[in-house]
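Taken together, the values in this text are just the output of simple stated rules run on the coordinates, not laboratory data. Worth saying up front: this structure is predicted, and the values here are computed from it rather than measured. Here Cβ is always computed from backbone atoms with ideal geometry, including for glycine, and neighbour counts include all displayed protein chains.
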Amino acid sequence: MSKNRSQKTPITVGFISLGCPKNTVDSETMLAKIGQAGFLLSPDLESDVIIINTCGFIAPAKEEALEIIQEAVQKKKQKKIKKIIVTGCLSERMGTELLKETPQIDAIVGLGQRDHISQIIHNTLKQPKKSESLHYLQPSESPIHDDKDRLLINPPHWAYLRISEGCGRKCSFCTIPAIRGPFRSKPLEMILDEARQLVRSGVIELNLIAQDTNSYGRDLGIKNGLVTLISELDKIEKLQWLRLMYLYPSAIDQPLIDAIAQSPKVVHYIDMPIQHISNPILKAMRRTDTREHTTALVDTLRSKMPDVVLRTTVIVGFPGETESQFNELLDFIRRAQFDALGGFTYFAESGTPAADLPDQVPEEIKHRRLDTLMLAQQQIAFEKARSRIGRNLRVLIDTIEETNAIGRYYGQAPHIDSVCIIQNNTAPPGTFIEARVTDTQDYDLIVEQIPADPLQP
């Protein structure tokens, strides 16, 4: 049979996704649209077109993105890449300044133009080599993205479910409202349609994400909106685990606590970034939390759900933070005994109110404080891990490696927490097993499958 010479070689598109789960959802949506348009998705950086979906939240994320962009520029100079397209939060934040800094970029795409990525690729490929870069920074036609029809880049049995866009909080250190705009809840049915589609495709764990998850529905006039959403998601039969991420501490109220405790699907895992505990620092951060409320909240959560796993994030070295205020935070962390904690030094982000505050803390003091805090948290986490030795856990298999499997129990969120290293596993990814904790390996649990048939979802 003769070869059809008129058939064109497909254009290859490489894709790099950086940043948070919200960026992951954007990447998955763009990947689906690129594939549907007939482009050949490639895992190789050396493709006809490379798309870099960036994060620009804090300085280290910006630096990482710029390093990867420069790597792509070098490959373009070596003629291993034809076109470079940069999307995401850094594009939105820097705008055309990014093109001035890196003129070798062929197109820059803001968050509002995500859904037009396939046409943008076509337009970019048509551009002559020495023409000016294209920029697509206009606001979206709709204030809310529809995230259905995604190409998942994580294991196919779990996914993120974004329930809102932007943020209405006014934290003095945060760039998110400037990048992603004001808080906008997705319509309830849009969320449920996406959730049902994901579950039909084989997803059994949904991780709810937003910048401020427990504000869901307020702008739509829905009282106790997150509680309402939980009750609807509980009705999806094949969904096994529902995890709530990014709960603003001051907005965790009794109806929400009751809904989590009573839900057959919501895991007893609370991710609530407290950022600090000293009231003067919280006030300077423009947080509505207080030490008193957060202390009582931790006690309430553990009283209502004795098996609850608590995760938080904190910032050290915020402008004006004294040694006494840092020690107050350190003492609270030791008292609260969080199961997991992410610690960060403060970054003075341009355009945020905190960047102009007096009494900026020297870098060496910030890093000393962070080291002290994380060592204290490490001791807490290691002790909590060791306390689980001998216990039985229901573990979800994520991946199979050479000799062991990797999975998670309900207290481990994907990508950010520790994992279960499973010995003698016989179950495939996407299934649950009963396992016994036999040892620990730093933050991770070593577990052994209890001989039995896997518990199919």
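Some observations on this one:
- Cα principal axis extents for the stretch 229-368, largest first, Å: 53, 32, 23
- Percent of beta bridges antiparallel (DSSP, the chain, rounded to nearest 5): 30
- Cβ-based charge dipole, the chain, positive-most Cα from PHE326, LEU341, THR438: LEU341
- Rounded to the nearest 500, the helix-only mean residue ellipticity at 222 nm of the chain stands at -10000 deg cm²/dmol, with each DSSP H run of n ≥ 4 adding -39,500 (n - 2.57).
- The stretch 12-136: equivalent-ellipsoid semi-axes (sqrt of 5 x gyration tensor eigenvalues, Cα, Å): 19, 17, 14
- Listed residue pairs exceeding 24 Å between alpha carbons, taken from LYS33/LYS77; LYS283/LYS304; LYS8/LYS79: LYS33/LYS77; LYS283/LYS304
- Working note: Cα gyration tensor of the stretch 392-449, eigenvalues times five, square-rooted, sorted largest first, giving semi-axes of 14, 13, 11 Å.
- Comparing SER185, GLN262, LEU297 along the charge dipole axis of the stretch 158-387, the residue lying farthest to the positive side is GLN262, per the Cβ-charge model.
- Separation of alpha-carbon centers, the stretch 412-450 and the stretch 48-93, rounded to whole Å: 35
- Each of CYS171, LEU282, ILE450 was scored by the projection of its Cα onto the charge dipole of the chain, and the greatest displacement toward the positive side belongs to CYS171; charges sit on the C-beta of Lys, Arg, Asp and Glu.
- Listed from fewest to most Cβ neighbours within 10 Å, the set SER231, SER17 follows the order SER231, SER17.
- A value for Cα extents along the principal axes in Å was derived from the coordinates, and within the list (i) 70, 59, 40; (ii) 70, 49, 41; (iii) 69, 62, 45 it appears as (iii).
- Here is the list for the stretch 358-406: GluC sites (Glu not before Pro) lying in DSSP coil, each with at most 12 other C-beta atoms within 10 angstrom of its C-beta, are GLU401, GLU402.
- By the Cβ distance rule of under 4.7 Å, the chain has these cysteines without a partner: CYS20, CYS55, CYS89, CYS167, CYS420.
- Sequence-distant residues sharing a close amide H with ASP439 (under 5 Å, placed H): ILE446
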